[in-house]
Amino acid sequence: MLTIPALTLNDGHPFAELGLGTYNLRGEEGIEAIVSAIASGYRLLDTAVNYENEREVGEAIRRSDVDRDDLIVTSKIPGRHHGRAEAVDSIRGSLDRLGLERIDLQLIHWPNPSVGKYLDTWRGMIDAREQGLVRSIGVSNFTEAMLTELIDETGVVPAVNQVELHPYFPQGALRAFHAEHGIRTESWSPLARRSDLLAEQLITDLAAVHDATPTQVVLRWHTQLQSTPIPKSADADRQRENADVFGFTLTDDQVAAVAALERGRLWDGDPETHEEM
């Protein structure tokens, strides 16, 4: 079994340096895939109301041999549940589907700016934390200005901001803001799905130098940027490959060279149903 290193969030709770995205892992096959990942060493499991697989994640946890308290379960409040009371109700619904007594990290899935209730939603998440329904609270797809508003209005700094991040979209300015405020960056679409990233000459050259796969090079790059990637795979061998990235280290120049592949955002779909590939 692989050991994935842990870190401490700004609220004092543990978090993993790499996790499992669970989008589209549904039904019995989805449960088995999540059980396999836990057995391989994954401790951070990322789900959401909109992924429609919270029940599968909860069942996988119950089937696992790993103690519940050693796992970090993330879920997300969808845009249609924004509002202070609505956020608490949404979290209670997630807990029912998961079959758990608490969620370890609760995120706002995206700010839903056209509705303009993300601040009230954040207050609801603070309420849920005080009620013991969740342990850590954070956001997803928030900009620097939105994060600043949450902090200024409530005094509560999000523990995590989960955003699209990969070598084509390294998010340098936002990562710097996160670092300044003690917010952990988390990367969705860490491998730049539906792109030619893994075939880039630089990536394949670095893979040869470090006796690694191109996927491992990119995921190691994320961890060295102080960001937690959450790649998704239902295949046990691929899960182990994705997690086995802590046995080598990219140089600072190599990290910078990978970031220099920047092209911009790739995702053009619904920010609440992105695939963490």
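Data for the structure
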| read-out | value |
| --- | --- |
| Cα Rg, Dmax (largest Cα-Cα span) when computed across the stretch 123-210, Å | 16.6, 51 |
| Cα-based equivalent ellipsoid, the stretch 55-96: semi-axes from gyration tensor eigenvalues, Å | 25, 9, 8 |
| Enclosed volume per residue, in Å³, of the convex hull spanned by Cα atoms of the stretch 147-277 | 121 |
| Carbon + sulfur, % of accessible area of the stretch 1-144 - ligands and nucleic acids excluded, 1.4 Å | 44 |
| Amide H contacts of L44 (H built 1.01 Å from N, under 5 Å, at least 5 apart or other chain) | L20, I72 |
| Whole-number percent relative contact order across the stretch 113-173, with pairs defined as alpha carbons under 8 Å at least 6 apart | 29 |
| Karplus-derived HN-Hα couplings along the stretch 163-170 (A = 6.51, B = -1.76, C = 1.60, θ = phi - 60°), whole Hz, x at Gly and Pro | 9, 4, 7, 6, x, 7, 9, x |
| Descending principal axes extents, the stretch 74-184, alpha-carbon based, whole Å | 38, 26, 24 |
| Length-normalised contact order for the chain - Cα pairs under 8 Å, 6+ apart - percent | 20 |
| DSSP bridge orientation in the stretch 1-134 - percent antiparallel, rounded to nearest 5 | 25 |
| Packing-based order for 117-126, 87-96, using average beta carbon neighbours within 10 Å, highest first | 117-126, 87-96 |
| Enclosed volume per residue, in Å³, of the convex hull spanned by Cα atoms of the stretch 14-150 | 102 |
| Length added when fully stretched, E52-A85, from 0.36 nm per residue minus Cα-Cα | 9.7 nm |
| Difference of contour (0.36 nm per residue) and Cα-Cα distance, R238 to M1 | 83.9 nm |
| Radius of gyration and maximum dimension Dmax of the chain, Cα, Å | 17.7, 53 |
| Residue with peak Gaussian network fluctuation, the chain [Cα springs, cutoff 10 Å], from F142, F248, F169 | F248 |
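The values are calculated or read from the model by the stated rules, or taken from the named source; none is laboratory data. Treat the numbers as computed from the prediction; the structure is a model and nothing was measured. With ideal geometry, Cβ positions are generated from the backbone for all residues, glycine too; neighbour counts draw on all protein chains shown. To get the accessible areas, we keep the full protein, side chains included, count just its heavy atoms, and leave off ligands, DNA and RNA. Shrake-Rupley method; radii C 1.70, N 1.55, O 1.52, S 1.80 Å.
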